[in-house]
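Asker: Structure provided below as structure tokens; questions to follow.
No lab work stands behind these numbers, since they all come straight from the coordinates. Just so it is clear, the model here is predicted, and its values are computed rather than measured. Quick reminder, even Gly has a Cβ in these numbers, built from the backbone with ideal geometry, and neighbours come from all protein chains shown.
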Amino acid sequence: MSSASTPRSTPCYTELTRVYARLHRYHHLSAIVGWDRNAMMPPKGNEARAAAEAELSTLIHRTRTDPKLADWLKAAEQEPLDELARANLREIRRDWRDANALPESLVEAKTLAGARCEHAWRSQRAANDWKGFLENFREVVKLAREEAQLLADDTGLSRYDALMDRFEPGVRAADIDRIFGDVKTWLPDLITRAQARQENEQVIAPRGPFPVAAQRALNQKVMAMLGFDFTAGRLDESAHPFSGGVPEDVRLTTRYSDDDFARSLLGTIHETGHARYEQNLPRDWLGQPVGTALLRRARKPEPVL
């Protein structure tokens, strides 16, 4: 952080920013470890890796729930802070409250369950083994419900609203219903008109095979056109595209199919959007909650189903 962001007359606020700078470094390690699990790690390393990630998650949780933070938060409220520092303090308090609503055992269990489920999914998806997938997924859902209930008890919100509040503070399920209610009034007609127009247009289907090396070169060229900084990130391959890392070191992935180059290209473009956002977060507030994307703060990036 810049010196202008942490006034010397605010010792407790300064202590809080030091803790969150340390958390940023922990999250950096966690993100790269997670990226490696998804992109580089040999399959037999998963159990050991999951245990290591769970250990790191508990360390992060202990840091976020350190009893000293409660006293510093209370004192910092009375300290002279500028507008941005005051916003940062608000986000630190939000993060502190969120962490204290959850026991360490749940944080550890969630990390283990998520890593095991995702790892098994890679082979189960290819084999269309959704029955086998269900065994691991049940545990993920069970722990998510436990987390939602604890957050709901702490905030007074419904379980779904309590989870959603971590991604979009202040937005509730009723707001989402209202937004999608509006979309339903015009989207079906738009789809019908688009389909009718396409029926009268000749489509030239691309024919493969498309060598992976050529697809990778195309993806990297498009990323460069979109402004991705390759000195602060890289593109790799995984079972499902994702974006992770930290602003100083953004990792994104795509997946390749030699009969459909659009799959990897569209995945790469999508993830580059996330990556460019991360690379353009304010550097003066790097490592502080006010300079962090809410989505990344709410959970570590993971491949979706």
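Asker: Enumerate the amide H contacts of G244 below 5 Å, restricted to partners 5 or more residues apart or on another chain; note that Pro and chain-start residues carry no placed amide H.
Answerer: R251, L252
Asker: Additional query: To the nearest 0.05, what FRET efficiency results for I269 and T231 with a Förster distance of 35 Å applied to their C-beta separation?
Answerer: 0.95
Asker: In what sequence do W285, W186, W130 fall when counting other Cβ within 10 Å, fewest first?
Answerer: W186, W130, W285
Asker: Note the angle between two axes, namely the Cα long axis of helix 212-225 and the longest principal axis of the Cα atoms of the chain, as a number of degrees from 0 to 90, rounded to the nearest 10.
Answerer: 50 degrees
Asker: Between E237 and residues 5 or more places away or on another chain, which pairs have amide H atoms under 5 Å apart, with H built 1.01 Å from N, and which residues are they?
Answerer: T254
Asker: Sort the following peptides by mean Cβ neighbour count (other Cβ atoms within 10 Å, averaged over residues), highest first: 237-249, 164-176, 11-23.
Answerer: The densest-packed peptide leads the list: 237-249, 11-23, 164-176.
Asker: Springs between alpha-carbon atoms under 10 Å, Gaussian network over the chain: tell me which of E278, E146, E199 tops the mean-square fluctuations.
Answerer: E199
Asker: A follow-up question, please. How do V250, V290 rank when sorted from fewest to most other Cβ atoms within 10 Å of their own Cβ?
Answerer: The order, fewest Cβ neighbours first, is V290, V250.
Asker: Tell me, what is a quarter of the convex hull surface for the C-alpha atoms of the chain, in nm² with one decimal?
Answerer: The orientation-averaged projected area of the Cα hull of the chain comes to 19.4 nm².
Asker: For segment 120-184 and segment 36-96, what is the centre-to-centre distance using only Cα atoms, to the nearest Å?
Answerer: Taking the Cα centre of segment 36-96 as reference, the centre of segment 120-184 is 21 Å away.
Asker: Suppose only helical runs count, i.e. DSSP H with n ≥ 4. What mean residue ellipticity at 222 nm does that imply for the chain under -39500 (n - 2.57) per run, divided by all residues and rounded to the nearest 500 deg cm²/dmol?
Answerer: It lands at -21500 deg cm²/dmol.
Asker: Compare the peptides 91-98, 26-33 by average per-residue count of other Cβ atoms within 10 angstrom and give them in order, highest first.
Answerer: Averaged packing, sorted descending, gives the order 91-98, 26-33.
Asker: Using r as the Cβ-Cβ distance of R193 and A48, and R0 as 45 Å, what FRET efficiency do you calculate, to the nearest 0.05?
Answerer: Taking R0 as 45 Å, the efficiency between R193 and A48 is 0.25.
Asker: Something else about it: Order by neighbour count: L69, L190, fewest other Cβ atoms within 10 Å first, most last.
Answerer: L190, L69
Asker: Nearest 10 degrees, 0 to 90: what angle lies between the long axis of helix 261-279 and the longest principal axis of the chain (Cα atoms)?
Answerer: Tilt of helix 261-279: around 20 degrees.
Asker: Count the lysine pairs in segment 3-169 that are 8 or more places apart or on different chains: how many have C-alpha atoms under 29 angstrom apart?
Answerer: For segment 3-169, qualifying lysine pairs total 7.
Asker: Could you grab the relative contact order for segment 3-169? Cα pairs under 8 Å, six or more apart, rounded to a whole percent.
Answerer: Value for segment 3-169: 24 percent.
Asker: Could you tell me which of rounded, prolate or oblate describes segment 169-274, using a ≥ b ≥ c as the square roots of the eigenvalues of the alpha-carbon gyration tensor, with rounded for a/c under 1.5 and, failing that, prolate when a/b is larger than b/c and oblate otherwise?
Answerer: oblate
Asker: How far is helix 11-39 tilted off the main Cα axis of the chain, in degrees rounded to 10, range 0 to 90?
Answerer: In the chain, helix 11-39 runs at an angle near 30 degrees to the longest axis.
Asker: Here's a follow-up. With a cut-off of 8 Å between alpha carbons and a minimum separation of six or more residues, what is the relative contact order of the chain in percent?
Answerer: Over the chain, the number comes to 21 percent.
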